[in-house]
Amino acid sequence: MEAFETSVDRLGISSKRCARRLLSIGDNRLELLTLEMQEGMIQGGQVVLLALGTAVLGLLGAMTLTTAVVVQFWAVSPVGVLLVLGGLYILGAFLAQQRLRRLLRDFQGLSASLEQLRKDRACLEKVLE
């Protein structure tokens, strides 16, 4: 009878140890996820601000350059200069859109957390086999 009680006690101690380890692993993974989300938010804010600054300054530069080119070539062909500039702007917009699509397609958020969870799963599967 004592052997049975000793086995039960050992099983209880092992279960507690296993539960503590699982909680510790879960806590570590949650901290990693939280850290990655905070970094993502900071980086996202920086990207938005830089994109807005780039857009505003680019627009001002393009407007100034357009005015200078139109004034310079107005006597030669007013419609021609406007068509050429419009075509260049459309081409630039198309190239920017293609780049944006590529960036969005290749975006991988929380990659470190997902990779760590995959490693944990593989390790757990080895232990349970």
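Based on this model, can you work out whether residue 46 counts as under 28 Å from the mean Cα position of the chain (by Cα), surrounded by fewer than 10 Cβ atoms within 10 Å (Cβ to Cβ) and either assigned to a helix (DSSP H, G or I) or not basic (Lys, Arg) (or both)? Can you show your working first?
Working: under 28 Å from the mean Cα position of the chain (by Cα): yes; surrounded by fewer than 10 Cβ atoms within 10 Å (Cβ to Cβ): no; either assigned to a helix (DSSP H, G or I) or not basic (Lys, Arg) (or both): yes.
Answer is no for this residue.
How many residues, within the range 107-124, are touching a residue at least 60 places away in the same chain (Cβ under 8 Å), of a type outside the set (Ser, Thr, Tyr) and under 13 Å from residue 26 (Cα atoms)?
3
Check whether at least one residue in the range 85-97 is in a helix (DSSP H, G or I) and either under 30 Å from residue 35 (Cα atoms) or in contact with a Ser or Thr (Cβ under 6 Å, 6 or more places away or on another chain) (or both), and report yes or no. Full working, then the answer.
Just the residues of the range 85-97 that are in a helix (DSSP H, G or I), to begin with: 85-97.
After this cut, where a residue has to be either under 30 Å from residue 35 (Cα atoms) or in contact with a Ser or Thr (Cβ under 6 Å, 6 or more places away or on another chain) (or both) as well, the list is 85.
Scanning the range 85-97, I find at least one residue that is in a helix (DSSP H, G or I) and either under 30 Å from residue 35 (Cα atoms) or in contact with a Ser or Thr (Cβ under 6 Å, 6 or more places away or on another chain) (or both), so the answer is yes.
Would you check which residues across the range 19-49 are touching a residue at least 40 places away in the same chain (Cβ under 8 Å), within 16 Å of residue 107 (Cα to Cα) and of a type in the set (A, V, I, L, M) and list them?
Of the residues in the range 19-49, the ones touching a residue at least 40 places away in the same chain (Cβ under 8 Å) are 25, 29, 32-33, 36-37, 40.
Right, trim to within 16 Å of residue 107 (Cα to Cα) and you get 36-37, 40.
Listed by number, the list holds a single entry, 37.
Does residue 61 qualify as being within 25 Å of the chain's Cα centre (by Cα) and surrounded by 10 or more Cβ atoms within 10 Å (Cβ to Cβ)?
On the way: within 25 Å of the chain's Cα centre (by Cα): no; surrounded by 10 or more Cβ atoms within 10 Å (Cβ to Cβ): yes.
Considered against the rule, which asks whether it is within 25 Å of the chain's Cα centre (by Cα) and surrounded by 10 or more Cβ atoms within 10 Å (Cβ to Cβ), residue 61 comes out as no.
Does residue 33 fit the bill of being of a type in the set (A, V, I, L, M, F, W, C), assigned to a helix (DSSP H, G or I) and closer than 24 Å to residue 124 by Cα?
yes
Among the residues of the range 86-129, which ones are more than 19 Å from the chain's Cα centre (by Cα) and under 23 Å from residue 62 (Cα atoms)?
If the condition is that a residue be more than 19 Å from the chain's Cα centre (by Cα) and under 23 Å from residue 62 (Cα atoms), then 86, 87, 88, 89, 90, 91, 92, 93, 94, 95 are the ones that fit.
Please verify whether residue 104 is surrounded by 11 or more Cβ atoms within 10 Å (Cβ to Cβ), at pLDDT below 90 and under 30 Å from residue 31 (Cα atoms), treating the condition exactly as stated. Step through it out loud before you land on a result.
Working: surrounded by 11 or more Cβ atoms within 10 Å (Cβ to Cβ): no; at pLDDT below 90: yes; under 30 Å from residue 31 (Cα atoms): yes.
It is false that residue 104 is surrounded by 11 or more Cβ atoms within 10 Å (Cβ to Cβ), at pLDDT below 90 and under 30 Å from residue 31 (Cα atoms).
The values are calculated or read from the model by the stated rules, or taken from the named source; none is laboratory data. Predicted model, so just to flag it, every value in this text is computed and none were measured. So basically every Cβ, Gly included, is an ideal-geometry build from the backbone, and we count neighbours across all protein chains shown.
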